[in-house]
Amino acid sequence: MKDVYVVGVGMTKFEKPGSRDWDYPDMVKEAGTNALQDAGVDYAEIEQVSVGYVYGESTSGQRAVYELGHTGVPIVNMNNNCSTGSTALLYSRQMIAGGMAEVTMAVGFEKMQRGSLSLGAEGRANPLDHHITSLQHLHEETSSPIAPQMWARAADDHMRRYGTTPEHFAKVAEKNHRHSSNNPYAQFQDVYTLDEILDAPLIDAPLTRLQCSPTSDGAAAAVLMSEDAVAKFGLEGQAVKIAGQGMATDFASSFETDDARTIVGADMSEAAARTAYEMAGFDAADVQVIELHDCFSPNEMLTYEALGMCEIGQSGQLIDAGDTTYGGRWVVNPSGGLISKGHPLGATGLAQCAELNWQLRGEANARQVDGATRALQHNIGLGGAAVVTLYERN
């Protein structure tokens with residue numbers, strides 16, 4: 001397979017739904033134009049486009065990308081729930097790695113409604129019905145929306161098994177809100193104390209509102225090239241190699257379980273990481289900066305364990321030691337993560353890609369992680385799919 005490089009990234013600021021007068025074509029025009037300008041190429045050079053979004057009509061991808069040009073190239077629409085952006089990135093990489101294109105583009109966007117996410121149309125099977133049934137076999141149902149309910153129960157199981165405390169989960173949110181204060185693209189840039197996070201309105205114990213990602217509007221994009229195309233366009237100075245990438249979906253263990261951590265995707269994340277590590281020849285121990293899917297604060301801690309950053313049950317020790325912030329072993333979610341940067345579902349994975357490419361190019365300004373040469377991205381969607389991507393800059 002051919003080596004594949006990210007040569008240009010771009011995104012919009014993530015916004016509270018309805019707070020800005022724009023629609024999804026406007027978002028994609030802004031993010032896509034930024035990515036093309038970053039790469040220094042015209043849209044006419046793009047041979048394939050993958051477009052990710054969760055809510056919208058069947059050819060919204062075409063309508064959005066037509067804002068960048070009308071060249072007749074294949075445009076593929078895709079939806080993998082919250083991992084949609086990384087799925088588009090994976091598809092665009094595979095087109096080049098498999099020799100089907102030299103220059104591709106991945107785009108993700110979302111224009112969302114305020115409030116909790118809806119689960120699907122009436123009269124059709126709920127895509128999370130297996131997950132919900134498995135959870136209800138383990139725990140009493142609460143009145144909160146199903147997404148925070150799932151991660152709250154995963155937090156409960158972690159606390160019961162390993163002695164984790166509500167303060168550990170709150171420390172994740174404190175860190176990520178603090179990191180976002182330096183990110184002009186973040187929906188929220190406020191800093192909170194640990195007590196303020198613990199005392200925020202309760203969503204589903206132990207989760208408070210400041211430990212939950214918000215609904216958001218926004219878009220992000222990336223331009224990918226083969227090694228030959230990088231040389232052709234003279235982009236060696238900013239090309240970042242996708243060293244490894246893996247995707248996994250649910251296993252039987254996701255549902256046949258006595259621990260809610262597997263219901264919310266821990267086994268998928270572990271499997272995707274193994275694939276990416278094998279492809280890259282290095283793993284989480286060898287990276288300096290990580291963007292991972294902190295849709296709710298417990299998921300960040302569960303993901304530390306799934307990625308092999310620590311043993312299962314020991315993620316609280318990483319938080320207590322300061323190992324996942326500046327001055328520690330890794331910097332996790334320097335962007336502020338989903339909790340504070342925002343979570344427009346289709347754009348999230350590509351916004352993670354943008355942040356890590358800026359970090360490896362030394363262009364993250366006040367968020368810059370010193371000496372970053374390798375990075376890890378984790379993006380997960382219930383229903384389900386997890387994508388882990390490793391980046392390397394020589």
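The table for this structure:
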{"item": "Projected-area mean, region 139-194, by convex hull of Cα positions, square nanometres", "result": "4.9 nm²"}
{"item": "The chain, helix-only ellipticity at 222 nm - DSSP H runs n ≥ 4, -39,500 (n - 2.57), divided by all residues, nearest 500", "result": "-11000 deg cm²/dmol"}
{"item": "Lysine pair number, Cα distance threshold 15 Å (strictly under), the chain, separation 8 or more or different chains", "result": "8"}
{"item": "Viscosity 0.692 mPa s, temperature 37 °C, Stokes-Einstein D of region 319-394 from Kirkwood C-alpha radius, µm²/s", "result": "249 µm²/s"}
{"item": "Semi-axis lengths, Å, region 120-221, gyration tensor of Cα atoms, sqrt of 5 times eigenvalues", "result": "27, 21, 11"}
{"item": "Region 281-394, relative contact order in percent, only Cα pairs under 8 angstrom and at least six apart counted", "result": "32 percent"}
{"item": "Neighbourhood charge, 11 Å Cβ-Cβ cut-off, centred on V9 and excluding it, Lys, Arg +1 and Asp, Glu -1", "result": "-2"}
{"item": "With Cα atoms, 0 to 90° folded angle of helix 146-162 axis to the chain main axis", "result": "60 degrees"}
{"item": "Contour minus Cα-Cα distance for D228 and R114 (0.36 nm per residue)", "result": "36.6 nm"}
{"item": "Förster radius 35 Å - calculated FRET efficiency between A252 and Q317, Cβ distance, rounded to 0.05", "result": "0.70"}
{"item": "More than 41 angstrom apart: percent of Cα pairs within the chain", "result": "7 percent"}
{"item": "Rounded percent of accessible protein surface that carbon and sulfur make up, region 228-353, 1.4 Å probe", "result": "46 percent"}
{"item": "Angle between the chain longest axis and helix 266-280 axis [Cα atoms, degrees, rounded to 10]", "result": "40 degrees"}
{"item": "Loop trypsin sites (Lys or Arg not before Pro), region 68-114 (other Cβ atoms within 10 Å of the site Cβ: 10 or fewer; DSSP)", "result": "R114"}
{"item": "Centre separation in Å (Cα based) which lies between region 54-93 and region 332-365", "result": "19 Å"}
{"item": "Rounded FRET efficiency, nearest 0.05, which uses the C-beta distance separating D3 from N365 and R0 of 35 Å", "result": "0.75"}
{"item": "Square roots of 5 times each gyration tensor eigenvalue, C-alpha, region 191-278, largest first, Å", "result": "37, 24, 11"}
{"item": "Scattering profile of region 1-114 at q = 0.24 Å⁻¹ [log10 I(q)/I(0), Debye over alpha-carbon scatterers]", "result": "-1.54"}
{"item": "Region 46-99 - Debye-derived log10 I(q)/I(0), Cα point model, q = 0.13, 0.15, 0.20 Å⁻¹", "result": "-0.30, -0.40, -0.70"}
{"item": "Helix 84-97 axis, angle to the chain major axis (alpha carbon atoms, nearest 10°)", "result": "40 degrees"}
{"item": "Two-decimal Rg to Rh for region 267-394 - Kirkwood Rh, Cα set", "result": "0.92"}
{"item": "For the chain, share of DSSP beta bridges that run antiparallel, in % to the nearest 5", "result": "70 percent"}
{"item": "Computed over region 143-298, the ratio Rg/Rh where both radii use C-alpha atoms and Rh is Kirkwood", "result": "1.03"}
{"item": "D42-R329 FRET efficiency (beta carbon distance; Förster radius 35 Å; 0.05 resolution)", "result": "0.25"}
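The values are calculated or read from the model by the stated rules, or taken from the named source; none is laboratory data. The shown structure was predicted, so the numbers you read here are calculated from the model rather than taken from an experiment. Please note: Cβ atoms are built from the backbone with ideal geometry, for glycine as well, and neighbour counts cover all protein chains shown. Surface areas here come from the heavy atoms of the whole protein model, side chains and all, with no ligands, DNA or RNA. Shrake-Rupley method; radii C 1.70, N 1.55, O 1.52, S 1.80 Å.
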